[in-house]
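To start, the structure under review is shown below, and the notes come after it.
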Amino acid sequence: MPEYQTVLYENLTPEIVRVRMNRPEARNAQDLRLTRDLNDAFDHANQDDLVKVIILSGEGPHFNSGHDMRGGTGLGFNDVRPIGTWANFDLEGAEGAMAKEEEIYLQMCRRWRNLPKPMIAEVQGKTIAGGLMLAWVCDIIIASEDAEFRDLVVGWGIPGVEYFAHPWEFGHRLARQMLYTGDWVSAQRAYDAGMVNEIVPREELSEYVENLARKIAEKPSFGLKITKEAVNQTQDAQGLWTAQQAVFIMHTLAHTHWREVSGAGIYMGDGAAPRPGGGARKAASAAN
Ligand code: ZN
């Protein structure tokens, strides 16, 4: 089986692969290395003729604490060949900054969402901001009873995470409320809103997901692929792709605005002096 620095890859059966984010000390915060490891693991499963279903899970008490804003494992944008179409990450102003967000977040999430094999997110504990995107790119989300979800970036002056899908996932009423307040959404409320497929006890979560994967894997692979494509195309015809594209431009505008105002690319509090050169806010991945 392939080995990665931040991801564990395991064939549960020839047809089922578990891809487990393995940065529990950072609550699986997403840095560039985790992003690349996930992408390589998904590609490996996708290119294996026998694999039909991919499970995405996170090691430790929480599924994912969002984007790593503490520097991560140190892999740089120019250390690896881009997966998406944007590059020139070091250019000044919005040009380089937007390229980074295209590469690591928007285009990467869309790429994963469009992988032809069904993916199941196995979600426990906290899922914060960027972590939502990792669950949302999966076809099915199974949550434990203690799971809860939050996107707090409106408090930083940003209109939600880069892969903007809140109204599609939660319905627009709950989407507005959770974004405006930054409040947690419980597993039950996410289930009621249609974001979560099933809620199961924490101790039964992995077994439940694996049994579901086995059931799906009984179906012919081509049937699964074109059915996934059918649902994806329907969502895009309903406007998901178009709306995301528009919101991403606002997202980029917001970072550009706050870089001018605070130097950090996000709102740093009223009266914050501009900080040339910027600097990341530390509270971002505090899911303990
Ligand atoms: Zn951003």
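Among the candidates ALA246, ALA237, which residue alone is within 16 Å of the ligand (Cβ to nearest atom), over 15 Å from VAL154 (Cα atoms) and aliphatic (A, V, I, L, M)?
Going through ALA246, ALA237 in turn, the sole match is ALA246.
Take the residues in region 144-157 that are within 16 Å of the ligand (Cβ to nearest atom) and surrounded by 23 or more Cβ atoms within 10 Å (Cβ to Cβ); name whichever of them is farthest from the chain's Cα centre (by Cα).
The residue in question is VAL153.
Can you name the residue in region 81-130 that is assigned to a strand (DSSP E or B) and not polar (S, T, N, Q) and, of all such residues, is nearest to the ligand (Cβ to nearest atom)?
Checking each candidate, the answer is ILE128.
Output yes when any residue across region 42-53 is of a type in the set (D, E, K, R), touching a residue at least 12 places away in the same chain (Cβ under 8 Å), touching a helix residue (DSSP H, G or I) at 6+ places or on another chain (Cβ under 9 Å) and not in a loop (DSSP other than H, G, I, E, B), and no when none is.
So far as region 42-53 goes, no, none of its residues is of a type in the set (D, E, K, R), touching a residue at least 12 places away in the same chain (Cβ under 8 Å), touching a helix residue (DSSP H, G or I) at 6+ places or on another chain (Cβ under 9 Å) and not in a loop (DSSP other than H, G, I, E, B).
Looking at GLU59, GLU102, GLU15, GLU3, can you tell me which residue is buried (at least 20 other Cβ atoms within 10 Å of the Cβ) and charged (D, E, K, R)? Write out each step before concluding.
Numbers: GLU59 fails: buried (at least 20 other Cβ atoms within 10 Å of the Cβ); GLU15 fails: buried (at least 20 other Cβ atoms within 10 Å of the Cβ); GLU3 fails: buried (at least 20 other Cβ atoms within 10 Å of the Cβ).
Being buried (at least 20 other Cβ atoms within 10 Å of the Cβ) and charged (D, E, K, R) holds for just one of GLU59, GLU102, GLU15, GLU3, which is GLU102.
Regarding region 66-76, can at least one residue be identified that is among the hydrophobic types (A, V, I, L, M, F, W, C) and away from the ligand (no atom under 16 Å from the Cβ)?
So far as region 66-76 goes, yes, one or more of its residues are among the hydrophobic types (A, V, I, L, M, F, W, C) and away from the ligand (no atom under 16 Å from the Cβ).
Which of the following residues is within 16 Å of the ligand (Cβ to nearest atom) and in a helix (DSSP H, G or I): LEU212, LEU179?
Among LEU212, LEU179, only LEU179 is within 16 Å of the ligand (Cβ to nearest atom) and in a helix (DSSP H, G or I).
Confirm whether THR252 is of a type outside the set (D, E, K, R), in contact (Cβ under 8 Å) with a residue 40 or more places away in the chain and either within 13 Å of the ligand (Cβ to nearest atom) or surrounded by fewer than 16 Cβ atoms within 10 Å (Cβ to Cβ) (or both). Spell out how you get there, then give the answer.
Values: of a type outside the set (D, E, K, R): yes; in contact (Cβ under 8 Å) with a residue 40 or more places away in the chain: yes; either within 13 Å of the ligand (Cβ to nearest atom) or surrounded by fewer than 16 Cβ atoms within 10 Å (Cβ to Cβ) (or both): yes.
Criteria met by THR252.
Restricting attention to region 255-267, and to residues there that are in contact (Cβ under 8 Å) with a residue 60 or more places away in the chain and not in a helix (DSSP H, G or I), which single residue is farthest from the ligand (Cβ to nearest atom)?
TYR267
Mind counting the residues in region 131-169 that are of a type in the set (Phe, Trp, Tyr), outside any loop (DSSP other than H, G, I, E, B) and under 24 Å from ILE54 (Cβ atoms)?
3
Each reported figure results from applying straightforward, stated rules to the coordinates on display, with no laboratory input. Remember, it's a predicted structure, so these values are computed and weren't measured experimentally. Note: ideal-geometry Cβ built from the backbone for every residue, glycine included; neighbour counts use all protein chains shown.
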